[in-house]
Amino acid sequence: MDTLIPTWLIWFILGFVFAFLELFLPSFILIFFAIGCWGSTLILLLWDLSLTQQILMFIVTSIISLLLLRKWLIQTFRGISDVVQDQDFDDFPRGEHVQVSKIITPDKMGRVQYRGTDWDAVAEEMIEPGEIVEIIRYAGNSRQTYFVRKVT
């Protein structure tokens, strides 16, 4: 049967369509359909297959590539680190002594200066601007508000 476009070329172009769509979808699955299309293209260049056989080859090559390559490709494109993370690293400034920049009262949030930036702070006592306080913990569930107390 003569066609205007060879069947292998249709599979080849379809593979590029899948590869292109992978750029816009975060699933990291369509690339394996592209590989399946290109596998069918290679097989069609060697043998003349029926449509059913072509679809079967597409499915088989897609599944094989998925099983063999997915883990490696995810590590390659998303990145893995060879550097061992320091388990004891904690960026929380517990115990740091900082200066109050805006008055803090038990019922009103104030501000403290830490690393050149003003941070929200609360306390159980009134603390005037200019006084030195110690950061104890985060206030409530906020990771941007510190609970502080006067340094004695």
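The values are calculated or read from the model by the stated rules, or taken from the named source; none is laboratory data. For clarity, every value in this text was computed on a predicted model and none was experimentally measured. Backbone-built Cβ (ideal geometry, glycine too); neighbour counts: all protein chains shown.
Residues are listed down the side, and each one gets a yes or a no for (1) at pLDDT below 90; (2) over 25 Å from the mean Cα position of the chain (by Cα):
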site	(1), (2)
Phe28	yes, no
Ile43	no, yes
Leu66	yes, no
Asp86	yes, no
Val98	no, yes
Lys102	no, yes
Gly116	yes, yes
Test for Arg137: is it part of a loop (DSSP other than H, G, I, E, B) and on the phi < 0 side of the Ramachandran plot | no
Check whether at least one residue in the range 42-60 is surrounded by fewer than 16 Cβ atoms within 10 Å (Cβ to Cβ) and either outside the structural domain of Ile74 (by TED's automatic domain parsing) or among the small types (Gly, Ala, Ser) (or both), and report yes or no.
-> yes
